[in-house]
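So the structure is just underneath, and the comments pick up after that.
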Amino acid sequence: MARDERIDAYIDRQADFARPILEHLRALVREACPTCEETLKWSAPSFLYRGEILAGMAAFKAHATFGFWRARLVTGTNEPGAERESGMGQFGRLTVISDLPPRAELIAMVHKAMQLTEQGVKAPRDKHSKKPAAQMPEDFAKALASDPAASAAFESFPSSARREYVDWIVEAKREETRRRRLEQPRREGVSRVADGHRH
């Protein structure tokens with residue numbers, strides 16, 4: 001597989017934490033699927049096999065992502081909506097290489113994705129399934145109630161963005177981290193914080 005210089009440039013301009021993750025994923029896909037084609041889709045690196053998207057990766061300010069086009073069929077997850085584009089990919093927010101599954105597992109997934117492409121299997125679509133509305137944590141609701149501007153900005157988000165923002169709050173593992181995230185909207189404004197944590 002020929003290297004796409006645009007992907008070299010994309011990786012070179014990412015944050016220090018992201019470059020090793022992207023290089024690792026690129027090398028792994030190239031090894032598992034030597035005939036893949038590198039390209040950019042939606043301004044992010046993607047890998048094509050037989051003219052179809054096999055997988056893609058991206059880097060943001062605080063995390064990187066990686067995902068397969070036929071997500072559920074490749075990874076085996078039964079979570080509805082796994083195929084939709086998201087800021088999380090199928091492996092969550094990646095900040096170090098060890099956030100990814102083991103190398104052998106990922107290579108097996110690439111092979112599975114190739115097999116599905118060869119068989120002409122289409123990615124399942126969840127046209128009628130929608131994720132439930134975000135469950136508002138009590139402490140976040142109080143924080144918004146104390147700042148009408150932040151509350152109005154939050155309510156202006158699409159439901160998917162509100163859900164992602166709430167997930168960002170509740171996924172904090174340490175109480176200190178959660179408190180800091182709760183304070184950020186009042187200090188910096190919800191819109192700025194949302195843009196920062198998603199990108």
Handout entry: Residues in segment 45-60 reached by a label modelled at Ala9 [backbone nitrogen below 17 Å; 7 Å Cα→Cβ]
Key = 45-46, 59
Practice task
Counting only C-alpha contacts under 8 Å and six or more residues apart, can you give the relative contact order of segment 5-118 as a whole percent?
Solution key: 26 percent
Practice task
Using label points projected 7 Å from each Cα along Cα→Cβ, tell me how many nm separate Ile97 and Glu175, to one decimal.
Solution key: 3.7 nm
Fill in the blank from the handout: So, with points 7 Å from each Cα along the Cβ direction, the Lys112-Asp167 label distance in nm works out to 2.0 nm
Completion exercise
Once Lys61 and Ser160 are pulled to full extension, the length gained, defined as 0.36 nm per residue separation minus their Cα-Cα distance, is 33.7 nm
Practice task
Could you size up the charge dipole of segment 5-118 around its Cα centre, putting +1 on the beta carbon of Lys and Arg and -1 on that of Asp and Glu, and report it in debye to the nearest 20?
Solution key: 180 debye
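No lab work stands behind these numbers, since they all come straight from the coordinates. Only a predicted model underlies this, so the values are computations on that prediction, with no experimental measurement involved. Cβ sites come from the backbone with ideal geometry, for glycine too, and all protein chains shown count toward neighbours.
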